[in-house]
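Chemist: Got a structure for you, written out below as structure tokens; questions coming shortly.
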Amino acid sequence: MGSVSRALNNYPHVSEELKNRVMAAALELGYQPAFLAHSLRRGETNSIGFLVGTIANPVIATIFEAATEVLADNGYAITLVSSRNKADLDIAYLRLLASRQVSGLIVSSAAESQDRSSALINNLGIPTVMLDRSIPYGELVYAVQSDHFSGVKEAVSHLIDQGHRQIAFIGGPKNFYPTQQRFLGFKKGLDEAGIPLRGELIRFTSFTETDAFAEALVLLRHHPLPTALIVAGNIILIGALMALQDRDLIVGRDMAVVACDDMSLTRLYRPSITTISRDLNLLGKTAARLLLRGIQDKKRRTERIIKLPTKLIIRESSNYNRRDWTE
């Protein structure tokens, strides 16, 4: 009987064969273990709250699936909530998840809620992993971040090697951690090449196709026209491509384009789009594993910040080696 109980509760050191046989028998008999009541008696719920700004972004969907795989394999259930990029809903959902006594949190908060949500997270006292966000002060708060700075800096160097000097940048909200890091990488790349930063070639927008389209049009009405465009966001890319089409500009021929995150669009668009890529599956799994360590690490020795690399994937949209761009 003890072996059956340990198998049903996903204890370690129980063979997968035994777990599968016990679970099959339980399902056949219609047995439903009272996991929540049992967990609460132990002071645990074996549940994880996963807060995202939007579930419409394919980047978030990929990360969530990867994190869920790791957490489920370790006996945790996941509650996904979306704040629709609204700061007030970030706060409301964090409080809701805390009231349900989740064992841990993974948080990809809206840009506008960074200060407020950070203060709340510190006060909650729940092990939390910030997903590609700046890390607030707090013993139980961790972060998994992508090296956006190096990725964009490398992209700028690549464009300069292709002869570009009029390089534009369009990113998300200014107070959004990935945007900040990408913009810093953009500035550093220009600075190392001795190219002055030009404010008229820089735009920031929200993560909507409509706003990105409008801001990209502002850049494309500038004279002289920039010869290259770095688009810091996969949703923003859609608006930027719409703006290029609106102005009858051909990607790769009239305007070099570099995007962030290697999605289906960047691979299937013609010409294919040069991308600053990151391993989203690794990001999700790393966040889940870091959270599990944070939950289990009573002595608070767990590494607080893990930074994952990015990779520049050069494709047709920027790889023309045109030396007449400066004319």
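Chemist: Using the 10 angstrom Cβ neighbour count as an exposure proxy, how do Lys285, Lys307 rank, fewest first?
Modeler: Lys307, Lys285
Chemist: Could you list Asp161, Asp297 in order of exposure, starting from the residue whose Cβ has the fewest other Cβ atoms within 10 Å?
Modeler: By the 10 Å Cβ count, ascending: Asp161, Asp297.
Chemist: Test of understanding: ordering Ile48, Ile305, Ile295 by Cβ neighbours within 10 Å, fewest first, what list do you get?
Modeler: The order, fewest Cβ neighbours first, is Ile305, Ile295, Ile48.
Chemist: Out of the GluC sites (Glu not before Pro) in the stretch 110-195, which ones are loop residues according to DSSP with at most 15 other C-beta atoms within 10 Å?
Modeler: Glu139
Chemist: If you find the alpha carbon centre of the stretch 170-190 and of the stretch 88-112, how far apart are they in angstrom?
Modeler: Cα centroid of the stretch 170-190 versus Cα centroid of the stretch 88-112: 26 Å apart.
A short reminder: the numbers here are calculations on the coordinates, not readings from a lab. Just so we're clear, the structure is a prediction, and the values are computed from it rather than from any experiment. Note that each Cβ is placed from the backbone with ideal geometry, even for glycine, and that neighbours are counted across all protein chains shown.
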